[in-house]
Amino acid sequence: VGEGKEDSSISPPTSVVELDTAMALALTGMFTARLGASTTTKISASKLKRLLGFFMLGVAPLVPAKAYIMEAKKNDTKNHDTERNRMERLLPASIIGLGSGFLAGLFGVGGGAIVVPALTLSTDMTHHQALGTSLAAMTLPAIVGTVTHYGKGNVSMRVAPMLAMGSFFGAFVGGRFVGLNMDEQSLRYGFSGLMVVLGTKTLLKI
């Protein structure tokens, strides 16, 4: 593999969750998730859908762009110590958590659409690590957002339990048997393609 390019055939690292980063994301996200959920009552449903659709389309190209961004930055960082101290890892995560918590509460989207692109671009995490850390981090903000929406009558208990059960098994199968066995480049472009499809469908349904 040439200098400045990532080897997408390398297997994912043994640990795909940075627990301290996930905790920083979760704690800050909990504060803003309630604010985001409360904001939904001030915006019409059609406007929320439009904002969500444009948001997904805007996020789509960011993750695949990392390889090109990192290649451009490589010459600037190759002579510096690559070890990240705790502050260098947790400060960006805390800022990402504030934004992702608000957007998760506002749009109801999980960490995949928000935290994964942010972690991928702002840290040296692999896509596997960004996915695993995002899943670990968004549990608490999702609970806060759900409780707030439930209090405002926005949760359909007729649908939610089965949706949660299906998501649980889908996440296990997808993570255990698919995600960890895919190379970085395929995951990135797969993620980007999914955002384009979902964003387009959301806009077309308005």
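Put simply, of Leu90, Leu140, Leu98, Leu121 the only residue that is in contact (Cβ under 8 Å) with a residue 40 or more places away in the chain and over 18 Å from Phe31 (Cβ atoms) is Leu121. Within region 18-32, identify whether any single residue is among the aromatic types (Phe, Trp, Tyr) and closer than 26 Å to His128 by Cβ, and answer yes or no. Within region 18-32, not a single residue is among the aromatic types (Phe, Trp, Tyr) and closer than 26 Å to His128 by Cβ. With respect to the conditions (1) of a type in the set (Ser, Thr, Tyr); (2) touching a residue at least 60 places away in the same chain (Cβ under 8 Å); (3) over 19 Å from Ala22 (Cα atoms), Ser156 lacks only one, and its number is (2).
Identification of helices (runs of 4 or more DSSP H) wholly contained in region 98-167 with 1 or more residues that are modelled with pLDDT of 85 or more and surrounded by fewer than 14 Cβ atoms within 10 Å (Cβ to Cβ) yields 139-151.
When Leu90 is tested against (1) in a helix (DSSP H, G or I); (2) modelled with pLDDT under 70; (3) not charged (D, E, K, R), just one condition goes unmet, and that condition is (2). The single condition from (1) open to solvent by 50 Å² or more (accessible area, probe 1.4 Å); (2) over 19 Å from Val115 (Cβ atoms) that Leu198 fails is (2). Each residue in region 168-195 was checked for being under 30 Å from Tyr68 (Cα atoms), surrounded by fewer than 14 Cβ atoms within 10 Å (Cβ to Cβ) and of a type in the set (Gly, Ala, Ser), and 4 pass. Taken together, Gly174, Gly145, Gly193 contain a single residue that is closer than 18 Å to Ala118 by Cβ and within 20 Å of the chain's Cα centre (by Cα), which is Gly145. Contact map, region 163-186: residues that are under 13 Å from Gln129 (Cα atoms) paired with residues that are outside any helix (DSSP H, G or I) and open to solvent by 70 Å² or more (accessible area, probe 1.4 Å), Cβ distance under 6 Å, separation 6+ or inter-chain. Pairs shown: Asp183/Ser9.
The values are calculated or read from the model by the stated rules, or taken from the named source; none is laboratory data. Only a predicted model underlies this, so the values are computations on that prediction, with no experimental measurement involved. Cβ coordinates were reconstructed from backbone atoms using ideal geometry, including for glycine residues, and neighbour counts include every protein chain displayed. Just the protein is used for accessible areas: all its heavy atoms, side chains included, with ligands, DNA and RNA removed. Shrake-Rupley method; radii C 1.70, N 1.55, O 1.52, S 1.80 Å.
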